[in-house]
Amino acid sequence: SVDVVGFHGQTVLHRPERRLTIQLGDGAALNAALGVPVVYDFRAADMEKGGQGAPLVPIFHRALAFREKLEMPAAFVNIGGIANVTYVPDGPAEGLIAFDAGAGNCLLDDWAMKHIGEPLDRDSRLALAGTVNRKALEALLSHSFFSAPPPKSLDRSAFALDALADLSAPDGAATLT
């Protein structure tokens, strides 16, 4: 039996600097269809309270760290479309720090789609065939997001592939990786 459903929805736009986030999905319709309480709009509610729109991740990571009896302090790194980091202190939950760290796989996925027609670089075949272009990498890493202090978050469209325009498909993939 299900007591409650947590429904995040699918994020289609996230502009934390404007306190704007949009997720697809209708929590009220899901509640009506399932007949059980549905908790939703986590991101929007968190941003209304001054957060960055990811209120559950740090709490989950803290619970996981304590359940697994990890040595504290501990850090979790999630490399999804956008990479994020959670720092779990050896102490009160108020010391949790969580933030987006930059592009994770989203740029590489976009690059692979553009150059080989695949939604990802399967088994890193493309990147392994290339060489990192230091100049392009430095241009990517000069993005102002990296010098901003946490807490911070971003949308996958915050980064562009312009710095890689003159690179071959393998070299672009190696540089992004």
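The values are calculated or read from the model by the stated rules, or taken from the named source; none is laboratory data. Because the structure is a prediction, the values reported are computed rather than measured. Cβ coordinates were reconstructed from backbone atoms using ideal geometry, including for glycine residues, and neighbour counts include every protein chain displayed. All accessible areas refer to the heavy atoms of the entire protein, side chains included, with ligands and DNA or RNA removed. Shrake-Rupley method; radii C 1.70, N 1.55, O 1.52, S 1.80 Å.
Where the centre of each part is set by its Cα atoms, how far does the range 1-55 sit from the range 113-150, in angstrom? Answer, in whole Å: 30.
Among residues other than LEU161 with Cβ under 10 Å from its Cβ, the summed charge is -1 (Lys and Arg +1, Asp and Glu -1). Residues whose amide H comes within less than 5 Å of that of LEU20, counting only those at least five positions distant or on another chain, are ARG15 (H built at 1.01 Å from N in the peptide plane). Taking 0.36 nm per residue of sequence separation and removing the Cα-Cα distance, the LYS49/ALA75 pair yields an extension gain of 6.9 nm.
Which of rounded, prolate, oblate describes the range 1-71, given a ≥ b ≥ c as roots of the alpha-carbon gyration tensor eigenvalues and a/c under 1.5 marking rounded, otherwise prolate only if a/b is larger than b/c? Oblate. Taking every protein chain into account, the accessible area of the chain amounts to 61 square angstrom per residue (probe 1.4 Å). Extending 7 Å from the Cα toward the beta-carbon at both LEU161 and PHE146 defines two label points whose distance is 2.0 nm.
Projecting the Cα atoms of ALA139, HIS14, MET113 onto the charge dipole of the range 1-150, computed from C-beta unit charges around the Cα centre, puts ALA139 farthest toward the positive end. Take every pair of alpha-carbon atoms less than 8 Å apart whose residues are at least six positions apart; their mean separation over the length of the chain yields a relative contact order of 18 percent. Under the simplified labelling scheme, the PHE60-LEU128 pair shows an inter-label distance of 3.0 nm, with each label point 7 Å from Cα along Cα→Cβ. Of all beta bridges that DSSP places with both ends in the chain, some 85 percent have antiparallel geometry.
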